[in-house]
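**Student:** To start, I am sharing the structure in question, which I have written as structure tokens.
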Ligand code: C5P
């Protein structure tokens, strides 16, 4: 039987991919994979266990044993709800450090591929279209100016009650982008066959409609129900 269809949505931090992927998955009634949450989860678990974020073999062994439960809107690791904890800024920085390590990526790939279930999957991240789901039926690459992305991230954190300066956030976002783009394994880049969308001046609703339009052109339509939930 053919694999369930995948829509891969990649892009840099705060390009809008998480929100767009969530809304597209809701509209189609498909499953959602926020792959960044897995890398954040690995960084969170490593910090809890005081594992060095550069120790590839210890991180690999830990990652292979973690039990991830991912549902729309929340993520549990080994039974602990880490939904909020993984969004803190130190975890953002830690996640892009552990994401450079191939053994960690290989261990998480198994979790990601396992989420490809009927009626379909919307997966967001950095390498969904290039590495994890290279045969995805639709690949989208979202981008926005670094200034706009820093403003979006700042608003998100302020709305959640965190206090962080826009200036610090701008620097941290640039450093994280640089690490994600320049690493040797699965660097952040658009797949050759990806549809490119610059979201700098677009409202989220327009981006969602554009992605759904490309999905409809490829006959990717909603079933309205996600099986297994
Ligand atoms: O998407 P988000 O910002 O939550 O991802 C956190 C970090 O996880 C990114 O900065 C990136 O280093 C890493 N990541 C990755 N590959 C993915 C998703 C996230 O390397 N597919």
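**Student:** Can you sort 220, 33, 166, 59 by how many other beta carbons sit within 10 Å, fewest first?
**Tutor:** Ranking 220, 33, 166, 59 by Cβ neighbours within 10 Å, fewest first, gives 166, 220, 59, 33.
**Student:** Hey, with R₀ at 45 Å, roughly what FRET efficiency would residue 49 and residue 168 work out to, going by the Cβ-Cβ distance, to 0.05? Spell out each step's value before the answer.
**Tutor:** Details: r = 27 Å, r/R0 = 0.61.
About 0.95, to the nearest 0.05.
**Student:** For the stretch 89-229, just run the numbers: alpha carbon Rg, then divide by 2.2 N^0.38 Å, N being how many residues it has.
**Tutor:** That ratio works out to 1.16.
**Student:** Rounded to whole Å, give me the distance from the Cα center of the stretch 10-62 to that of the stretch 104-169.
**Tutor:** 7 Å
**Student:** Could you line up 111, 93, 6 from fewest to most neighbouring Cβ atoms inside 10 Å?
**Tutor:** Values: 111 18, 93 15, 6 26.
With the sparsest Cβ surroundings first, the list reads 93, 111, 6.
**Student:** What is the percent of Cα-Cα separations in the stretch 14-159 that go past 23 Å? The partial results should precede the final answer.
**Tutor:** On the way: 3700 of 10585 pairs.
Roughly 35 percent, once rounded to a whole number.
**Student:** Output the relative contact order of the chain, whole-number percent, from Cα pairs under 8 angstrom with separation of 6+ residues. Walk me through the intermediate numbers first.
**Tutor:** Numbers: 362 pairs, mean separation 79.5, N = 229.
That works out to 35 percent.
**Student:** Starting with the fewest neighbours, write out 146, 132 ranked by other beta-carbon atoms found within 10 Å of each beta-carbon.
**Tutor:** Working: 146 16, 132 24.
So the residues, fewest neighbours to most, are 146, 132.
Just so you know, all these numbers are worked out from the coordinates, no wet-lab data involved. Computed from a predicted structure; not experimentally measured. Neighbour counts are summed over all protein chains in view; Cβ atoms, including those assigned to glycine, are modelled from backbone coordinates with ideal geometry.
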